[in-house]
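Q: Pasting a structure here, questions to come.
The values are calculated or read from the model by the stated rules, or taken from the named source; none is laboratory data. These numbers were taken from a predicted model, which means no experiment stands behind them. So basically every Cβ, Gly included, is an ideal-geometry build from the backbone, and we count neighbours across all protein chains shown.
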DNA sequence: GCAGGATAGTTGGATATAAAACAATCTGTT
DNA sequence: AACAGATTGTTTTATATCCAACTATCCTGC
């Protein structure tokens, strides 16, 4: 990804546009986007997601599985609908995901209580073990995030994120 | 025969709905997720995205189109690759999007300079007009975001988001 | 000029997600 | 008991996205 050869063909393009291939800073004019929370929120989320994606891939788990397993571990017996709400995803999204987690022996679905429509989700032993590995992985990710954010700003930043998630309906 | 009278009933309650008028009886345990930047970043981004989605839908434009149009408007003649980088998406994602924007007469692709591989993107008159409408829409969205964040925290919050986007690679 | 490598844009395959429609079941009112 | 409405999880359909492979073109070194 490092292209550091100094070419001198930037000249003609420098006037109007930049073909996109000048080494580092692209001199793109972001206009109002630069000031917009929405845009920067998306870019930050993307960056964080990709960084975590790389980490979790090393232990063979896709990033989306992560919050799911944590929530099941913390709320044994939770239903799919409650789970989907807790992690902010549509319930239909959860169906194939859980099929996969069950097939891999990480999650159990039991039909305990009186409601025959809903399943209760729990982690298996293997699920708990994997979750622990993932926990280490996530803590490392959080350390990276903290290093960028700085301990000074962290608390306030987190508070603002929570407010946004809660109040932007 | 009644066992465990005082035990936590997360099981049952987690399965309960909390659709609208539940007085907070749901009580999901988020465990470490509550403290994780990554998770809260995703939830905040989702909330912001959905709010904007609703707004922009009113004028018949999908939210993804927005940054794209702004960047083209600000950088007339920009190439697809440069655009994809500026906007943080893969270039292949842009292909169908631009096909649509061109078909709708909002964007023009011209083959100006000497490189026959690349197109130069510019807004049409209609594109500029639509962008202006979208601008109003986005400003309203930003007002909502600001109202939640508070003018106090805004600058610091934005700075942190930018740092994350820039340094988490 | 020409070969090898780099780059622009497209295509195809895969995944994640949402929204709407659906079947089974529960709940409340009568 | 019976019916109407709500809810649970699934299926279907559609979109957005990435990555890898591809084609066409460009550039550099010879």
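Q: Which condition from (1) out of contact with any helix residue (DSSP H, G or I) (no Cβ under 7 Å at 6 or more places or on another chain); (2) within 16 Å of DNA strand D (Cβ to nearest atom); (3) at pLDDT 95 or above is the one that residue A:121 breaks?
A: Tallying (1) out of contact with any helix residue (DSSP H, G or I) (no Cβ under 7 Å at 6 or more places or on another chain); (2) within 16 Å of DNA strand D (Cβ to nearest atom); (3) at pLDDT 95 or above, residue A:121 fails exactly one: (1).
Q: Take the residues of region B:106-133 that are without any contact (Cβ under 8 Å) to a residue 24 or more places away in the chain and away from DNA strand C (no atom under 11 Å from the Cβ): which is surrounded by the fewest Cβ atoms within 10 Å (Cβ to Cβ)?
A: B:114
Q: Let me ask you something else. Give the number of residues within region B:136-146 that are under 21 Å from residue B:57 (Cβ atoms) and free of Cβ contacts under 8 Å to residues at least 40 places away in the same chain.
A: Final tally of qualifying residues: 4.
Q: I need the full set of residues from region A:55-75 which are part of a helix (DSSP H, G or I) and either within 21 Å of residue A:122 (Cα to Cα) or at the interface with chain B (Cβ under 10 Å from one of its Cβ atoms) (or both), in order please.
A: Answer for region A:55-75, where residues must be part of a helix (DSSP H, G or I) and either within 21 Å of residue A:122 (Cα to Cα) or at the interface with chain B (Cβ under 10 Å from one of its Cβ atoms) (or both): A:64, A:65, A:66, A:67, A:68, A:69, A:70, A:71, A:72, A:73, A:74.
Q: Still on this structure, please answer the following. Considering only region B:124-133, state which residues are touching a helix residue (DSSP H, G or I) at 6+ places or on another chain (Cβ under 8 Å) and farther than 11 Å from residue B:102 by Cα.
A: Matches in region B:124-133: B:128, B:130, B:131.
Q: Go through (1) within 12 Å of DNA strand D (Cβ to nearest atom); (2) more than 19 Å from residue A:63 (Cβ to Cβ) one by one and return the number of the condition residue A:96 breaks.
A: Answer for residue A:96: the failing condition is (2).
Q: Determine, yes or no, whether residue A:45 is under 25 Å from residue A:132 (Cβ atoms) and either surrounded by fewer than 21 Cβ atoms within 10 Å (Cβ to Cβ) or within 7 Å of chain B (Cβ to nearest Cβ) (or both).
A: For residue A:45, the condition - under 25 Å from residue A:132 (Cβ atoms) and either surrounded by fewer than 21 Cβ atoms within 10 Å (Cβ to Cβ) or within 7 Å of chain B (Cβ to nearest Cβ) (or both) - is not met.
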